[in-house]
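Novice: Please see the structure below; I have some questions.
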Amino acid sequence: MPDGAKAVEERASLKKYLVRRFWMSAKGFWGRNGDNYAWGLVALLLAIVAAQVYIQYQINVWNRAIFDALEQKNAGVVAWQALIFAPLALGSIALAVAIVYARMTTQIRWRRWLTNHLIDRWLEHGRYFHLNLMEGDHKNPEYRISEDVRISTEAPVDFTVGVVSAFLSAATFVGVLWFVGGDLTFNWGETQITIPGYLVLASVLYALIASTVMVFIGRSYVTASEGKAQSEAELRYALTRLRENGESIALIDGEREEKEGLSAILTDVLDRWREIRKQYMKTTIVAQSSFLLAPVIPVILSAPKYLAGTMTLGQVIQAASAFVTVQTAFNWIVDNYPRLADWTASARRASSLLVALDNLEKAETDETARRIHIAEAPEGVALRLDMVSVALDDGTGVVKDAEVTIKPGERVLIVGESGSGKSTLIRAIAGLWPWGGGEIEIAKGARMNFLPQRPYVPVGSLLRAAAYPMDESEIDKNEVIEALKAVSLEEHINRLEEPEPWDQTLSGGEKQRLAFARLLVHKPDIAVLDEATSALDTLSQEKLMNLIHERLPQMTIISVGHRPELEEFHERKLVLELDKGGAKIAKDVDIDTPVRRGFYFFRRLLRKKQREENEAKPE
């Protein structure tokens, strides 16, 4: 098989698998761990659909009766039929409202279940972070979880209601067409030809032609819909990044470059929409043609029998109404093909995220794969790296054979040139980097806090931000106030419980101060600082480092940083150097010597004196 044909076959096979993979997870809504009301809602929906079809049949019979009465000029029957119509209409309206409630309730509950299922898997073991490091079709997971899951759970419920309604309607009204239309007999030359149930045959042929044409001209709709969804997600992501990094962009006058980038993405979005427009135009030709022809064809086909006196006007109207209902049922795919294509595209996108999570879960549980293992450290050890190697997901080495033992209360600084794997090693210690080998041992029951270069500030109040990741109800409010004062954030205390966009309100330096306040509140056993003071001046850095030494003297500290001033606040220094196959710890230096302590002591005195002199100068 040629390579091109093989690639096409593989893509087609992958697309089919993605739809199956979606249902493997989505059907759990009706499983043991699913929703308690799932099957009850299905039964309610089916019962309402059956009742709707029954009312629809009664209205069809009513059409025959009233038009026969009109043809016969029978005023009494017309009046009676007018009275009968009121309860039929009320029943139809009540059932329409009931099915909206049952349908949307099912959609809401199913979406909630599947979204929670996806979010639980996404958040577990830091997979939301790992996905950013992997290649594959799982970009913009937030869009897949919010929008694609919504479409993927709404549409099947609508489709199920539509298909069941179509089946019951077809079964009911095909019978009406058969008995009302009867046989059509005509002469072909000297031969008499009889077509039994000719209106049924006409409706089936018409539906087959319309459906076949729709499938043929709309065969590219799914691909176009997938491309449209992906381009829309990329535009939203680009706009979100622009908003989140607005200050950095504004400071360097990056608006022009950002505009060009957004214009390029928007151009792609509009191109995708033009393709969707073309597909819509083609499918509209079929749908509109069917809409116009369906009511006319049964009237034309019934005309010979009506003119011959073998059909009444009421029967013609009943047959026309039944024909339209049967066409609506048979042409369900014609009317719903665009939405079916949108559902397929969204289900595949949601499934692509599921597949990526499957691969991560497999890597976590595969005993044969090289992974970094987390274990319990022996007594007297806060943290130990035992032949730890860190690699990328493709096996490329980042750090190799790291051997380090850190005692409780020890303060260790990790340094090295850019790209030597310092931050990657920190992520491995946090358990966020599974690829590699060796073992990381952590003291039993040790609570560990991480201070990244850009601390995360959750939505809500400053109190919640200071308590994060704990709930604000679990901490002492007064303790938070004292911590904020200690890190020089007292100006915000009067708005402590006010929900504000603190992520946008606080500067980079203030966010780092907030991270230190969290340390004071949580009092962890081990603190890992990854460039945690990079946005602060040296004086503020000195104040915060001295603060945690004074308030949390038993806390083990592991820091990553470039500033030489950080050595003053640590006892050991690990130096990472780039090497073939990954960086290695080239030096393990004891920097807590009497000479260094004396040097740092006099340097602090000199700084203090300079500050006092500056404060004493008149403005």
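The values are calculated or read from the model by the stated rules, or taken from the named source; none is laboratory data. Remember, predicted model here, so these are calculated numbers, not experimental data. Note: ideal-geometry Cβ built from the backbone for every residue, glycine included; neighbour counts use all protein chains shown. The accessibility values were calculated without ligands, DNA or RNA, using every heavy atom of the protein model including side chains. Shrake-Rupley method; radii C 1.70, N 1.55, O 1.52, S 1.80 Å.
Novice: Return the sequence-ordered ³J(HN,Hα) values of region 198-205 in whole Hz as given by the Karplus equation 6.51 cos²θ - 1.76 cosθ + 1.60 applied to θ = phi - 60°, using x for Gly and Pro.
Specialist: Listing the rounded values in order: 4, 5, 5, 4, 5, 5, 5, 4 Hz.
Novice: Ignoring everything but the protein chains, give the 1.4 Å probe accessible area of ASP271 in square angstrom, nearest 10.
Specialist: 80
Novice: On to the next question. Which of rounded, prolate, oblate describes region 114-258, given a ≥ b ≥ c as roots of the alpha-carbon gyration tensor eigenvalues and a/c under 1.5 marking rounded, otherwise prolate only if a/b is larger than b/c?
Specialist: Prolate.
Novice: How much accessible surface does PHE167 have with a 1.4 Å probe, in Å² rounded to 10?
Specialist: Taking all protein chains as shown, PHE167 has close to 140 Å².
Novice: Please give the FRET efficiency for ILE193 paired with VAL299, using the beta carbon to beta carbon distance and R0 = 22 Å, rounded to the nearest 0.05.
Specialist: 0.50
Novice: Rank these residues by their accessible area, most exposed first, probe 1.4 Å: ARG111, ARG447.
Specialist: ARG447, ARG111
Novice: So, one more: If you take the Cα Rg of region 1-137 and divide it by 2.2 N^0.38 Å, with N the number of residues, what do you get?
Specialist: 1.82
Novice: How long, wide and thick is the chain, going by the Cα atoms along their three principal axes, in whole angstroms, largest first?
Specialist: 123, 64, 52
Novice: Between the DSSP loop rule and a limit of at most 13 other Cβ atoms within 10 Å, which chymotrypsin sites (Phe, Trp or Tyr not before Pro) in region 376-474 are left?
Specialist: Those that pass, being in a loop and sparsely packed, are TYR456.
Novice: Something else: So what are the three principal axis dimensions of region 8-72 from its Cα atoms, in whole Å, longest to shortest?
Specialist: Largest to smallest, the principal-axis extents are 66, 40, 7 Å.
Novice: Now a separate question. What aspartates and glutamates could a cross-link reach from LYS16, if we take a straight Cα to Cα line under 18 Å and drop same-chain neighbours fewer than 8 places away?
Specialist: Partners within reach: ASP137, ASP148, GLU226, ASP342, ASP358.
Novice: Modelling each spin label as a point 7 Å along the Cα-to-Cβ direction, I'd like the VAL459/SER507 distance in nm, to one decimal.
Specialist: Placing both labels 7 Å beyond Cα along the Cβ direction yields 2.7 nm.
Novice: Give me a comma-separated list of calculated 3J(HN,Hα) values for region 26-42, in order, Karplus coefficients 6.51, -1.76, 1.60 applied at θ = phi - 60°, integers in Hz, x for any Gly or Pro.
Specialist: Rounded to whole hertz, the list is 5, 6, x, 4, 9, x, 4, 9, x, 7, 5, 9, 4, 5, x, 5, 4.
Novice: For region 347-494, what value does the Rg/Rh ratio take when both radii are computed over Cα atoms and Rh is the Kirkwood radius, given to two decimals?
Specialist: Here Rg/Rh amounts to 1.05.
Novice: While we're here: Mind scanning LYS422/LYS485; LYS422/LYS477; LYS15/LYS278; LYS400/LYS543; LYS362/LYS573; LYS139/LYS278 and naming the pairs with a C-alpha gap bigger than 29 Å?
Specialist: LYS422/LYS485; LYS422/LYS477; LYS400/LYS543; LYS362/LYS573
Novice: Quick one: compute a quarter of the convex hull surface over the Cα atoms of region 522-588 and quote it in nm².
Specialist: Average projection, Cα convex hull of region 522-588: 5.4 nm².
Novice: While we're here: Let me check something: with ligands and nucleic acids excluded, how do MET214, MET281 order by accessible area (1.4 Å probe), largest to smallest?
Specialist: MET281, MET214
Novice: Can I ask one more? In what sequence, highest mean first, do 425-432, 476-483, 532-539 appear when ranked by Cβ atoms within 10 angstrom?
Specialist: The densest-packed peptide leads the list: 425-432, 532-539, 476-483.
Novice: Still on this structure: Measure of size requested: the Rg and Dmax of region 194-343, with Cα atoms as the atom set and Å as the unit; please supply both.
Specialist: 25.1, 87
Novice: Over the chain, what is the mean sequence separation of C-alpha contacts under 8 Å (at least six apart), divided by residue count, expressed as relative contact order in percent?
Specialist: 14
Novice: Another question, then. Compute from the Cα atoms of region 346-416 the Rg and the Dmax, the latter being the longest Cα-Cα distance, and quote both in angstrom.
Specialist: 17.3, 53
Novice: In sequence order, what are the phi-derived ³J(HN,Hα) couplings for region 399-413 according to the Karplus relation 6.51 cos²θ - 1.76 cosθ + 1.60 with θ = phi - 60°, rounded to whole Hz, with x for glycine and proline?
Specialist: With the stated coefficients, region 399-413 comes to 10, 10, 6, 7, 10, 8, 10, 10, 8, x, x, 6, 10, 10, 10 Hz.
Novice: Oh, and also: Leaving ligands and nucleic acids out of the surface, order TRP122, TRP178, TRP23 by accessible area at 1.4 Å, largest first.
Specialist: Sorted by accessible area, descending: TRP178, TRP23, TRP122.
Novice: Quick check on the chain: helices-only [θ] at 222 nm, where DSSP H runs of length 4 and up contribute -39,500 (n - 2.57) each and the sum goes over total residues. Nearest 500, please.
Specialist: Dividing the helical sum by the residues of the chain leaves -21000 deg cm²/dmol.
Novice: Compute, for HIS522, the solvent-accessible surface of its heavy atoms (probe 1.4 Å) with the complete set of protein chains present, and express it in square angstrom to the nearest 10.
Specialist: 20
Novice: Run down the aspartates and glutamates and flag those whose C-alpha is under 14 Å from the C-alpha of LYS580, throwing out any fewer than 8 positions away in its chain.
Specialist: ASP401
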